[in-house]
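Remarks on the structure that follows.
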Amino acid sequence: MVANFVSADFGWLHSPDGMETVHVIFKAGKTQDGYFTNDDILEQTAQAMDIVQKHYPNDKHIFIFDNATTHSKQPASTPSASRMTKNPSTKFGVEVSLSIDGKVQYAVNGKPQKRTIQMGPGCLPNSEPHCFYEGNVFKGMTKLLLEWGLTEEAKLKGSCKKGATRCCQRRVLYNQPDFDDQESALKIACKAQGFQAIFLPKFHCELNFIEQCWGHAKRTYHQYPLSSREDDLERNVLSALESVPVAAM
Ligand SMILES: [Zn+2]
């Protein structure tokens, strides 16, 4: 699998001398490099931003991403009501991968090790942060609703299967503005560096011309001689990508 950035004006993203690139070649599957995750795309985007900042500082750059779940993932600590308990709990939190120096730690069974962190704060009506915990204890949905001033809603049952707007506490929380309107980790990272990030409409990756670039490269790749050597194949992939003319892009 290859992940890359492309511009209709400049082609595949690289420094003018071609030495700094952002393409990632990824051997997908459990026994290989695993799967391309949101952390991988964040790292790749950070490199992309470094290159455009350093070598193309006079252009205005906008990053456009397909609306895939790998891209649109929110930071782990983003407020979410989906597993919140009605009553106080010492266990409620968000599971994140345990990583040391940016490297995910794996258990003996090959699964990533997890640790539980506290969910990030919401927002009170006066715009102050709304902490969901008292010390180590999650406050529970009833208390959170009361603190928002939603006294009637705090009397509702915790959750139900109806899915109306005000059928239960969980549904009310889903519709709280600070739960409803959360930005992806990718957008937050781009903004922090002063770049705009746009997501294409869901299920419309065909709007992204990178799809035609992949198609062009695949056709070229198929014309190369067969080989079972990984280094041949990797070289063929890179040369097939290079063969896509900027004019065609
Ligand atoms: Zn409900």
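Values as computed for the structure displayed
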read-out: For the chain: accessible area per residue (Å², 1.4 Å); value: 63 Å²
read-out: A164 paired with D40, simple spin-label distance in nm, labels 7 Å along Cα-to-beta-carbon; value: 4.6 nm
read-out: Listed residues P112, L144, W12: farthest to the positive end of the dipole of the chain (Cβ charges); value: L144
read-out: Longest to shortest principal axis, alpha-carbon extents of segment 104-249, angstrom; value: 70, 43, 36
read-out: Long-range HN-HN contacts of F199 with modeled amide H, under 5 Å; value: F65
read-out: Calculated FRET value between L226 and K27, using beta carbons and R₀ = 22 Å, to 0.05; value: 0.75
read-out: Long-range HN-HN contacts of H130 with modeled amide H, under 5 Å; value: G122, C123, L124
read-out: Residue list for segment 75-101, given a label point 7 angstrom along the Cα-to-Cβ vector of D180 and an amide N cut-off under 15 Å; value: 81
read-out: Measure of compaction for segment 31-189 (Cα Rg per 2.2 N^0.38 Å); value: 1.27
read-out: Prolate/oblate/rounded label for segment 94-183 (Cα gyration tensor, a/c 1.5); value: prolate
read-out: FRET efficiency estimate (nearest 0.05) - Cβ-Cβ, S127 to Y56, R0 51 angstrom; value: 0.85
read-out: Charge tally in the Cβ shell below 13 Å around I41, where Lys, Arg are +1 and Asp, Glu are -1, I41 excluded; value: -2
read-out: Radius, Kirkwood style, for segment 1-59 when every pair of distinct Cα atoms is counted (Å); value: 12.5 Å
read-out: Percentage, to the nearest whole number, of Cα pairs in segment 74-145 over 22 Å apart; value: 32 percent
read-out: Residue-averaged [θ]222 nm for the chain, counting only DSSP H segments that reach four residues, each worth -39500 (n - 2.57); value: -8500 deg cm²/dmol
read-out: Rg/Rg_globular for segment 1-103, with Rg_globular taken as 2.2 N^0.38 Å and Rg from C-alpha atoms; value: 1.41
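The values are calculated or read from the model by the stated rules, or taken from the named source; none is laboratory data. Note that this is a predicted model, so its numbers are computed, not measured. Every residue, glycine as well, gets a Cβ built from its backbone with ideal geometry; the counts of neighbours run over all protein chains shown. The area values use the complete protein model at the heavy-atom level, side chains included, leaving out ligands, DNA and RNA. Shrake-Rupley method; radii C 1.70, N 1.55, O 1.52, S 1.80 Å.
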